[in-house]
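Structure, as structure tokens:
Derivation of every value follows stated rules applied to the coordinates shown; laboratory data play no part. Computed from a prediction, not measured in an experiment: that's the story for all the values here. Cβ placement follows ideal geometry from the backbone for every residue including glycine, while neighbour counts extend to all protein chains displayed.
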Amino acid sequence: MSPSSTVRPRTTVFAPRLAALLDKHVGQDVFRLEPDTVGVAGVEVADRILSARRATETERPTFKPLHGRSIARGEASAVTRTIGSDVRAALAAYEPRQVDLSGSWPLTGHLFLRDLILGQDPYRLRLLMSRYLELTPKLTWSVIALGAALPGWPRPGDRLTGLGARAAEATGYQDRRYALGMYRRAAAPVCFTVSTLVANALWLGSPLDDSTPNRHLIHEALRMLPPSWNILRNASPEYPVIDDRIGEHDDVLLLPLLSHRDPALWDDPDSFRPERWNDLDPDTAPGYLPFGHSSERCWGRHMVMPLAELLLDLIRGSGLVVDPDQRTGKVPLLGLLGVEDVRLTRPYRV
Ligand code: HEM
């Protein structure tokens, strides 16, 4: 019996629009989604579109313009290096201890990561990681405006993360507002995406089999429930030349959610089978784009893996499982695709 076949089946309930995408378009390469938007899930077309040009600044997921100010590539790369070294420092300093990760995921994982990586930063910075701020951008901007205006701004030299130290250099209200926005832009992907990814892996794979490597669990969770389920490219003259079903004014939505389940690419695509990664290379598997295209792959992916592995190790170590009474998990239609409210609990004692 394969390890994954011992997992009791659970039902994943996709939001209606996601369910309709999966029902209608899995296995298709190019298809119309809206009068001005074409969906793409075919390997070759996706490859040609993503290689045709770089993402523009408004298409980029992390470093879109902030407060109307463009973020230069040099600044984006310096900020990413800073959060990367904060993550490495937090991992190096982490002493395995009894930690309670039971409760609702991804929230529980999010709070653990926030405290692990940003724990030493002052409250006004850590507050920017609140999941409530996701609900309305207005609330986010109010918290940022308030944080920039309050007295007691952190000072260079305080005990801060690298990201906190960058923010501490800001002087004046406008600069501080921008620094807080940038702090959130850089730190949010770490807390939000990694906890979402691990929640998805738990939902699909719990109880975790001792013989299944964490990496295989993560690659398979990224396949079936890719947090970045779509990649947007706005209309561009290169695209109609690549495929004449794409009009000159059509935006293109590339859909890893669909290519990751294409039966022409994957055996038994709707089954969670981490063992398939014994023989597959995640960097070259055709149609597998959880971190984007090889020409412009996610800058943060090297942080994602060790953090997700740490969380999975801690969960394995404490014997937590998805509550056996939880039979369905909802996947809402959001920018970040994930199962909400995965309930992690101790196994029942008989
Ligand atoms: C599960 C976790 C993550 C997933 C699935 C993911 C996915 C992606 C994808 C698909 C792209 C390509 C987008 C495109 O071509 O338009 C991308 C780009 C990028 N990612 Fe990630 N990402 C994750 C975590 C992170 C983290 C932790 C960071 C760190 C700050 C990060 C920073 C970036 C940056 C800087 C880019 C490229 C440029 C930009 O957005 O401005 N990502 N990511």
Given H placed on each backbone N at 1.01 Å, which residues far from V342 in sequence or on other chains put an amide H within less than 5 Å of it?
W105
Which one of V13, V40, V79 has the biggest mean-square fluctuation once the chain is modelled by GNM with Cα springs under 10 Å?
V13
For the range 164-169, just list the computed ³J(HN,Hα) in residue order, Karplus coefficients 6.51, -1.76 and 1.60, θ = phi - 60°, integers in Hz, with x standing in for Gly and Pro.
x, 5, 4, 5, 4, 6
Among the DSSP beta bridges whose two residues both lie in the chain, what percent are antiparallel, rounded to the nearest 5?
65 percent
Between beta-carbons, use under 11 Å as the cut-off and find the net charge around A308, counting Lys and Arg +1, Asp and Glu -1.
0
Karplus-derived HN-Hα couplings along the range 192-209 (A = 6.51, B = -1.76, C = 1.60, θ = phi - 60°), whole Hz, x at Gly and Pro:
6, 6, 5, 5, 5, 4, 5, 4, 5, 5, 5, 4, 7, x, 6, x, 6, 7
Neighbours of G152 by Cβ distance under 11 Å: Lys/Arg at +1, Asp/Glu at -1, summed charge +1
The chain, relative contact order in percent, only Cα pairs under 8 angstrom and at least six apart counted
29 percent
So, over other residues within a Cβ distance under 11 Å of T37, counting Lys, Arg +1 and Asp, Glu -1, the net charge is -2
What value, in deg cm²/dmol to 500, does the helix sum -39500 (n - 2.57) over DSSP H runs of n ≥ 4 give at 222 nm once divided by the residues of the chain?
-12500 deg cm²/dmol
Cβ crowding within 10 Å averaged over residues, with 105-114, 322-331, 301-310, 217-226 ranked highest first:
217-226, 105-114, 301-310, 322-331
With r defined as the distance between the Cβ atoms of L91 and V13 and R0 fixed at 35 Å, what FRET efficiency is calculated, to the nearest 0.05?
0.50
Place a label point 7 angstrom from the Cα of R215 along the Cα-to-Cβ direction, then list the residues of the range 273-288 whose backbone nitrogen is under 19 Å away.
273-286, 288
Residue-by-residue Karplus 3J(HN,Hα) for the range 85-94, coefficients 6.51, -1.76, 1.60, Hz, glycine and proline x
6, 4, 5, 4, 5, 5, 5, 5, 7, 5
Report, ordered by chain and residue number, the aspartates and glutamates lying within cross-link reach of K330, taken as a straight Cα distance under 15 Å and ignoring same-chain residues fewer than 8 apart.
E340, D341
Pick out which of W229, W203, W141 has the largest mean-square fluctuation in a Gaussian network model of the chain, springs linking Cα atoms closer than 10 Å.
W141
Report the FRET efficiency, 1/(1 + (r/R0)^6), for E296 and L66, where r is their Cβ-Cβ distance and R0 is 22 Å, rounded to 0.05.
0.65
Cut-off 15 Å, label point 7 angstrom out along Cα-to-Cβ of D325: give me the residues of the range 85-114 whose amide nitrogen falls inside.
103-104
Who wins for biggest fluctuation among G84, G247, G74 in a Gaussian network model of the chain, springs between alpha carbons below 10 Å?
G74
Which loop-located chymotrypsin sites (Phe, Trp or Tyr not before Pro) does the range 258-350 contain, where loop means any DSSP state but H, G, I, E or B and the Cβ has at most 16 other Cβ atoms within 10 Å?
Y348
